[in-house]
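Student: This is the structure, below, for whatever I ask next.
The values are calculated or read from the model by the stated rules, or taken from the named source; none is laboratory data. Worth saying up front: this structure is predicted, and the values here are computed from it rather than measured. Cβ placement follows ideal geometry from the backbone for every residue including glycine, while neighbour counts extend to all protein chains displayed. For accessibility, only protein heavy atoms count, side chains too; no ligands or nucleic acids. Shrake-Rupley method; radii C 1.70, N 1.55, O 1.52, S 1.80 Å.
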Amino acid sequence: GQRSARSGRPARMVRFRAEAAHVVGIDIGRHKALVTVADLAGTVVAEHREDASGASTSADLLAVLRTAARGALAQAGIRRTDVASVAAGTPGLVDWPRGAVMLAPGLPGWKIELARELRRSFRCPVQVENDANLAALAERRHGLARDAHTLVFIYWGERVGAGVLIGDQLHRGAANAAGEIGFLALDEGTTAAPDQLGRGPFERMVGPEAI
């Protein structure tokens, strides 16, 4: 006999709601704090940059960072409670389980429990990572290194650093300093100690002023 029509609920169209929540990216440098807001698809919806060149203490730089965050959220038209996740990239040695900046020779006074401070503003997961490490992860996921097993990303600007990926794992080193190539001592008579500007010996040799 004739088969009966299939019963059940009618099909429903579904879509991924990229706008359902937002994520915040923070880029901290010697002269700037940049805060970017993106939707869940990774599309940037707002960004705000604040000059940080006058900051001389952790409190100063944190205040600049919070001003940049307020500006970015206002531009995006969202509240802090709409933020699902925060990632912050910073120069220096980062104790990543705690999200603490342990040492940043290029940023005088920048030693701070950064993740804990950011959680006071954002009630969501916060990750703090060395900026070159984050750049290596971004290159692996979105750039030319998607098919590479081992990746060395060289950050070469006012400062010199590197991020190293082996497989999908960041190589941090025993003291979270595996990528601090700016402090390589190039001969026996060179000390790895920073100069008055916080630069290591390799940075002094290949940085903008040397060039």
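Student: How many residues are in contact (Cβ under 8 Å) with a residue 40 or more places away in the chain, open to solvent by 30 Å² or more (accessible area, probe 1.4 Å) and either of a type in the set (S, T, N, Q) or assigned to a strand (DSSP E or B) (or both) if we restrict to segment 32-63?
Tutor: 2
Student: Let me ask something additional. Looking at this structure, is Asp82 closer than 20 Å to Arg159 by Cβ and among the acidic types (Asp, Glu)?
Tutor: No; evaluated as a whole, the condition is false for this residue.
Student: Given the conditions (1) within 29 Å of Asp195 (Cα to Cα); (2) open to solvent by 30 Å² or more (accessible area, probe 1.4 Å); (3) touching a residue at least 12 places away in the same chain (Cβ under 8 Å), which single one is not true for Gly99?
Tutor: (2)
Student: Here's another thing I want to ask about it. Need the failing condition index for Glu203 against (1) closer than 28 Å to Arg70 by Cα; (2) buried (at least 20 other Cβ atoms within 10 Å of the Cβ), just the number.
Tutor: Status for Glu203: all satisfied but (1).
Student: Now, a different point. Only one of these is within 30 Å of Arg172 (Cβ to Cβ), buried (at least 17 other Cβ atoms within 10 Å of the Cβ), touching a Lys or Arg at 6+ places or on another chain (Cβ under 6 Å) and in contact (Cβ under 8 Å) with a residue 40 or more places away in the chain: Gly25, Gly106, Gly29. Name it.
Tutor: After applying the criteria, what remains is Gly106.
Student: Here's something else I'd like to know. Please list, ordered by first then second residue, the pairs with beta carbon atoms under 6 Å, 6 or more apart or interchain, first in segment 85-96 and crowded, with 22+ Cβ neighbours inside 10 Å, second in a strand (DSSP E or B) and polar (S, T, N, Q).
Tutor: Val94/Asn130
Student: Now for a separate question. Regarding Glu188, is this residue surrounded by 14 or more Cβ atoms within 10 Å (Cβ to Cβ) and acidic (Asp, Glu)?
Tutor: no
Student: Next up: I'm checking my understanding of the structure. Among residues of segment 9-31 that are outside any loop (DSSP other than H, G, I, E, B) and under 19 Å from the mean Cα position of the chain (by Cα), which one is farthest from Gly109 (Cα to Cα)? Explain how you work it out, then say what you get.
Tutor: Step one: list which residues in segment 9-31 are outside any loop (DSSP other than H, G, I, E, B), which gives 18-20, 22-28.
Right, trim to under 19 Å from the mean Cα position of the chain (by Cα) and you get 22-28.
Working: His22: 31, Val23: 28, Val24: 25, Gly25: 22, Ile26: 19, Asp27: 17, Ile28: 14 Å.
In this case the residue turns out to be His22.
Student: Taking Ala76 and the conditions (1) over 13 Å from the mean Cα position of the chain (by Cα); (2) under 24 Å from Gly157 (Cα atoms); (3) surrounded by 18 or more Cβ atoms within 10 Å (Cβ to Cβ), which numbered condition does it fall short on, given that it satisfies the others?
Tutor: In the conditions (1) over 13 Å from the mean Cα position of the chain (by Cα); (2) under 24 Å from Gly157 (Cα atoms); (3) surrounded by 18 or more Cβ atoms within 10 Å (Cβ to Cβ), Ala76 misses (2) alone.
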